[in-house]
Amino acid sequence: MYKHSCILCWLFVLIITLVPAYAWANSLTIVDVDSPKEGSFTEEAELSVYFDLRHGESMSPVTGINTDNCSVLIDGKKPKVVKSEMVEFSDGNKGVGVLFIFPIAKNYTEDSFGIRTTLTTLVQLFNRNIDMVNAIPYDVAATPTGWSKASDGELSRRLGEMQTSDVLEPNLFTAFSPAISVLSNLQNVSQKYVVIISDAEGAVVGNPERANQFIGEFTNQLKKNNITPIVVGYSPDGLGAMGNVGLLKRLATNVGGPYFQAENLSRFQQIIQSDVYNYIFKQYIYRVTLDMSGDNYLEPGKYNLQLVVKTSNSEDKAAYKIKWPQLKKNRAWLWFTIGGVFILGIAVAIFIIIRRRDDEEEEFVDEGPQEVCCANCGKVIPKQLFGFNGEFCLSGGLPDCPYYQMPDRGKIQITRGPMADTTFFIKKDLTTIGAYPENDIYLADKSVSRKHAAIKTDEGKRYEIRDFGSSNGLYINNEKVDRKFLRDGDLIRFGTVETVFKLK
C-alpha cells in the first residue's frame, strides 16, 4: 500500500506541473458574448460576457462574484482593463425560453401534487418581457399550450384552467417529440430550458429497453439543439412511488443539466421556486472595456476568448469563440489543453487500476445474514415484501400458516417469479392489486401498474375482478378481460406475474 501511495503522489505532482489550470474540469460556463461589431473597433474594445459558475454536482450558483474575481484572455493574451462592472443576468437584454413538462393523468390531482399551482408561482417570478414560457401537459398524449411572454400572465391563466384527465397511466415519452419541435423553432432567446417534472411511473412498464432508447434519442436532440434539461423527480407519496427515477437522472446528467428530487409537496415547492429559478437566472454579466493599443490585434477572424474567475476556493476558466475583426490567431492554448486532458486521463486510469487491485486484496468482511424469515412458519420472506404492511402467507394456506383458520374467503397465490408461493388473502369487500405498496395485494414487479386491478366480493359468495386500465392488461386463463367473475383454480396474469385464484 505504501508503494501505491508513492506512485499516486508522483502522478499528482506530474499532472500539476504539466497541465495548465484550465485543463481541469470546472463548473464555469460562458453562455454568450457581445463583442465589437465589424468596423466598430477602436483602441478601446467593449465586451459583455454572460456566464454562470456553479457548485459541482449540486449545480447551485456561486454567489458574491464581483469584478475583482474576473479577468479575460484573448488568444492567450491578457489585455489591459480600462473599466469593468458586474451586472445581474436579469438586468441584461438576453431572453430565455423555458418549457415545462408535467403529468395531468387521473392520479396526479392538484390537491395532492400541486404541480400547476407551484409552476404558476414560478412563472410569476419571471418579470421580464423578453423571456418566453410554454407548457406540455401529458397523459397518453402531449400537446404544447403555446409560447407566450412570461410577464403577461398568459401561461399562468392556462395552468389555472387545466383539468386532470381520466387517464390512469401517463406516458412521459409522448412529450419528447413536441418539446424538441417547439424549443428548436423558438427564436430571439439566448438560452433554452426544458423543465421536466415526473415520477417516471407508467412510461416504462414492461419495456425498459424501449424506455432507454427514448431517453437516448431525446438527450441527443437536446444536445443538438443546445437545450438544457432541468429534471425534477417528484411524487408526494415518497421515494417508494418513484421506482424509475434512474431514467430521470440519466436524462439530466447525459446533457449536463441538474437533477433534483422531491419526496413531498413542500420540498417540491422549494425546488421549483428556488433551485430551478436560481439555476436559470442566477447568472452574471461581466462588462469590461479593454485597452488594445500597442498590440498587434489586426488580423480578422474568429478567436478564443477565455474568462477566468477566481474565488477563495478555486480558479475556474472557460473558453468561447468570438468573431472580432482585429485579433491575431494563437492556438497554443488548445494543444496544452489536449495534452493536459490526455495526461489526466492516463492518471485516472492508473488510479482506477490501483484501487481495484487494493480492493481485491482487502479482507472479506462478514456483513451478517442477508435473509429475513417469517416468525410463524420460518420460511424466507422475499426481499420485495420487506416493509410491506399488509398480510401475506408463505405456506400457500397450509395448516402451518398462521392465517389458515381465518374466515372462508378466497386467496391469490403467486405461481411464477421471485415471489412464487407467496399467498395474499382476500379479506375485504374490495381488494386492490398493484405495484404500489399501499395495495392490499402487492405485486412488486415493473410489468404491473401502480393500481392494476381490484377484486370485489359480496360476502365471499362471488368474486369479480376488474382491470383498472393497466398498461399491460389483465388475463384470466390466458384470455384478456376487463372484468370477470372468478372460479376456483382460475389462472390470473398481471403483466408477467402469474397467479392462481383459490377457495379454501
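Can you tell me which residues in the range 440-479 are touching a Phe, Trp or Tyr at 6+ places or on another chain (Cβ under 7 Å) and free of Cβ contacts under 8 Å to residues at least 40 places away in the same chain?
Ala454, Arg462, Glu464, Leu474
Check whether at least one residue in the range 40-56 is modelled with pLDDT under 85, more than 26 Å from Tyr303 (Cβ to Cβ) and open to solvent by 20 Å² or more (accessible area, probe 1.4 Å), and report yes or no.
yes
Inside the range 314-349, can you point out the residues that are more than 30 Å from the chain's Cα centre (by Cα), open to solvent by less than 60 Å² (accessible area, probe 1.4 Å) and at pLDDT 75 or above?
Passing the criteria: Ile322, Thr337, Gly339, Gly340, Ile343, Ala347.
Condition check ((1) without any contact (Cβ under 8 Å) to a residue 12 or more places away in the chain; (2) closer than 19 Å to Val276 by Cβ; (3) surrounded by fewer than 20 Cβ atoms within 10 Å (Cβ to Cβ)) across all residues:
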residue	(1), (2), (3)
Asp139	no, no, no
Thr143	no, no, yes
Glu161	yes, no, yes
Val194	no, yes, no
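What are the residues in the range 155-176 that are part of a helix (DSSP H, G or I) and touching a strand residue (DSSP E or B) at 6+ places or on another chain (Cβ under 8 Å), if any?
Hits for the range 155-176 are Leu155, Arg158, Leu159, Leu172, Thr174, Ala175.
Kindly indicate whether any position in the range 66-86 is at pLDDT 85 or above, within 28 Å of the chain's Cα centre (by Cα) and either closer than 30 Å to Leu222 by Cβ or among the aliphatic types (A, V, I, L, M) (or both).
no
Could you look through the range 191-211, keep only residues that are among the small types (Gly, Ala, Ser) and outside any strand (DSSP E or B), and pick out the one that is modelled with the highest pLDDT?
The first filter runs over the range 191-211 and keeps only residues among the small types (Gly, Ala, Ser), leaving 198, 200, 202-203, 206, 211.
Retained after the next criterion (residues that are outside any strand (DSSP E or B)): 200, 202-203, 206, 211.
Working: Ala200: 81, Gly202: 62, Ala203: 59, Gly206: 59, Ala211: 86.
The extreme case among them is Ala211.
State which residue is modelled with the highest pLDDT when the search covers only the range 392-432 and only residues that are among the charged types (D, E, K, R) and open to solvent by less than 80 Å² (accessible area, probe 1.4 Å).
This residue is Lys411.
Residues Leu186, Leu125: which one is more than 30 Å from Arg450 (Cα to Cα) and open to solvent by less than 50 Å² (accessible area, probe 1.4 Å)?
Only one candidate passes the filter, namely Leu186.
The values are calculated or read from the model by the stated rules, or taken from the named source; none is laboratory data. Values in this document were obtained by computation on a predicted structure and should not be read as measured data. Every residue, glycine as well, gets a Cβ built from its backbone with ideal geometry; the counts of neighbours run over all protein chains shown. Ligands, DNA and RNA are excluded from the accessible area calculation, which covers all protein heavy atoms including side chains. Shrake-Rupley method; radii C 1.70, N 1.55, O 1.52, S 1.80 Å.
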